[in-house]
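Each reported figure results from applying straightforward, stated rules to the coordinates on display, with no laboratory input. For clarity, every value in this text was computed on a predicted model and none was experimentally measured. Cβ sites come from the backbone with ideal geometry, for glycine too, and all protein chains shown count toward neighbours.
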Amino acid sequence: MTEPRTTTNEERHREELLREHAVQRGIRDHAPLGSEVWQAAATRIGEIEVEIARIERAMDPPRG
């Protein structure tokens with residue numbers, strides 16, 4: 001049997017990222033389009049999505 005490639009810590013980190021993603025989407029959605037607040041939230045959302053994708057690719061089997 002193959003040992004899972006993700007750890008409990010990575011799973012917890014993924015869950016934290018999903019919660020932060022939801023918060024940042026709320027901030028972005030309520031900020032004026034194109035404002036500094038909107039830009040910062042949109043940037044952070046992208047960063048979070050990249051990190052979630054990295055974790056999910058490492059899962060056994062990979063999510064995607």
### Task
Restricting things to alpha carbons, find the Rg to Rh ratio for the chain using the Kirkwood radius for Rh.
1.13
### For MET59, residues with placed amide H under 5 Å, excluding near neighbours
none
### Cα-projected label distance for GLU51 with LEU18, points at 7 Å along beta-carbon direction, nm
1.6
### Query
HN-Hα J couplings of the range 34-41 from phi, Karplus 6.51/-1.76/1.60, θ = phi - 60°, integer Hz, Gly and Pro as x?
x, 5, 4, 5, 4, 4, 5, 5
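Add -39500 (n - 2.57) for each DSSP H run of 4 or more in the chain, then divide by its residues: what number comes out at 222 nm, to the nearest 500 deg cm²/dmol?
-25000 deg cm²/dmol
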## Note on the structure
Going from the fewest other Cβ atoms within 10 Å to the most, one would list LEU33, LEU18 as LEU33, LEU18
### Message
Within a 10 angstrom radius of the beta carbon, how do HIS21, HIS30 rank from fewest other beta carbons to most?
### Response
HIS30, HIS21
### Task
Taking the Cα centre of the chain as origin, work out the dipole magnitude from +1 charges on Lys and Arg Cβ and -1 charges on Asp and Glu Cβ, in debye rounded to 20.
100
### Task
Working from Cα positions, state the angle (0 to 90°, nearest 10) between the long axis of helix 8-30 and the longest principal axis of the chain.
20
